[in-house]
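The next block holds one structure in the form of structure tokens; read it before the comments.
The values are calculated or read from the model by the stated rules, or taken from the named source; none is laboratory data. As the structure is a computational prediction, the values presented were derived from the model and not from experiment. Positions of Cβ are backbone-derived with ideal geometry, glycine not excepted, and every protein chain shown enters the neighbour counts. Quick note on the areas: whole protein, heavy atoms, side chains included, nothing else; ligands and nucleic acids left out. Shrake-Rupley method; radii C 1.70, N 1.55, O 1.52, S 1.80 Å.
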Amino acid sequence: MKFVLLIFLSLYFSASLSNEQAPPHSFNLKNGMQVVVIKNKRAPVIAQMIWYNFGSGIEKTGKSGLAHFMEHLMFKGTRKFPDSYYSNYISKIGGSENAFTSYDYTAYYQVFPKSELKKMMKMEADRMTNLTLTKENVKIEKQVILEERFQRIESDPSSKLDESMRSILFPNHYYGRPIIGWRHEIEGLTYEDVLSFYKENYKPNNALLVLSGDVDLEKAKKLSKKYFGKIRKGKQESKLDKITDPDLNTNIFVKMQHSTVKQPIWKKFYRTTSYNSDVNNSIALDMGFKMVASGTSSLLYENLVEEKKIFSVVGGYFQGLTKGEGNVYLYAIPNEKKTSSEIDNIIMNEFKEIINKKLTPKRFEIEKKKYYFDTIYKKDGVLNPAQIYGEALTVGLTLDDIKKWQEKVNNISLNDVKKALEKLYENKNYVLGELLN
């Protein structure tokens, strides 16, 4: 199991959305479950992904970590397929599987030979409703998760700083609490908590099934109706109240010191727009921010690392695939000792200079073509399309949004990009952080 890598998904999403091998087909089962089929006959392989439209966001106050906890337990087997039968079977046929939990969704996937579709769909549907949960395996898995939290966060000062910064940046929203949960709340989770969460939320009307690869549409309809269509829908979909955060009207600085830190790291987190709230502005921001801060070819890196040699590293990314607000993440490692405010001033002054003078039409056209050609590199395989469509639909976009994605990208102008970056420059909803020895 693993957490979803938001930055990874964002990178290929922005580039790949409209360049799948064949247009998708979508239909709904009577119990409310949506099925999307993306046909690609390059190889006799299928990727099956089931996306639940909830992640850690539906956890009740004081019960953080339940969604991720449940993700672990979904591999514990059913009466028909006990213990690790599911995983062993996938390994036996040469397939692969994994799962991830986000703030806004939980997803499970398998990649396998096309001849195994019937069996794979049968097993996935079975664990949606017939999971074997015992007090013993809940107790054991809790210790696994606590150890995972220790390894991922508590023993990593940079992750602890990120966790603290997010809790301040999103004081009212579930984006401000860790997906894995707070340690003391994980320790308090009970068998009854887990069982209730499973029964209330793992329902077909909370799920999206995506099949990508060498799959026949009529066969997909027949099998999905046979296995998933028989499952009774929940009383209601697991929906989130629309929660917003107040504006941050003060300058907020978070400092983390730890003896294992070998070099200081500066960070800056913003609350921003999302694809869900404004597709066009988010595309412009994503495109522009890649030019400014993504990788060693970015303008910030060229100017502040290679030319002026003020930093050894500088970069960042935009994450806009969210049901709520998106966020921008900036980071830098200075070559010489500087205060957090000094670093912020250097980067933001350079940021403004880039917007005003260095985002030339020539540079923009080059980067826009790169943005497009990334689609060619990302579209191969069967899993990527399932991930792209599944995430987009689960956070609130539509098939029409996806189909028109390239058109939207083509319509973005240099002026659109500059406006999006200027809006970020003026954005006061941010938190500064510093990691020190």
The chain: relative contact order in percent, alpha carbon pairs under 8 Å with at least 6 residues between: 25 percent
Carbon and sulfur %, accessible surface of segment 253-436 computed with the full protein complex present, 1.4 Å: 49 percent
Loop trypsin sites (Lys or Arg not before Pro), segment 275-328 (other Cβ atoms within 10 Å of the site Cβ: 11 or fewer; DSSP): 309
Residue-by-residue Karplus 3J(HN,Hα) for segment 45-61, coefficients 6.51, -1.76, 1.60, Hz, glycine and proline x: 9, 10, 10, 10, 10, 10, 10, 8, 7, 9, x, 5, x, 8, 5, 6, 4
Summed residue charge, Cβ within 11 Å of residue 222's Cβ, Lys/Arg positive, Asp/Glu negative: +3
Crossing angle, helix 6-16 versus the chain [Cα axis fit, 0-90 degrees, rounded to tens]: 90 degrees
For the chain, built as a Gaussian network whose Cα springs stay under 10 Å, the top-fluctuating residue of 140, 355, 168: 140
Using alpha-carbon coordinates, inclination of helix 414-426 to the longest axis of the chain, degrees: 80 degrees
Answer label for Cα Rg over 2.2 N^0.38 Å (calculated), chosen among [x] 1.11; [y] 1.54; [z] 1.02: [z]
Angle between the chain longest axis and helix 340-353 axis [Cα atoms, degrees, rounded to 10]: 90 degrees
Residue of 343, 50, 366 that the Gaussian network model of the chain assigns the largest fluctuation, springs spanning Cα pairs under 10 Å: 366
Table column - 3J(HN,Hα) (Hz), segment 390-400, Karplus curve with 6.51, -1.76, 1.60, x for Gly and Pro: x, 5, 4, 5, 5, 7, x, 6, 10, 4, 5
Most mobile of 53, 415, 384 in a GNM of the chain (Cα contacts under 10 Å): 415
Length-normalised contact order of segment 299-437 in % [C-alpha pairs under 8 Å, at least 6 apart]: 21 percent
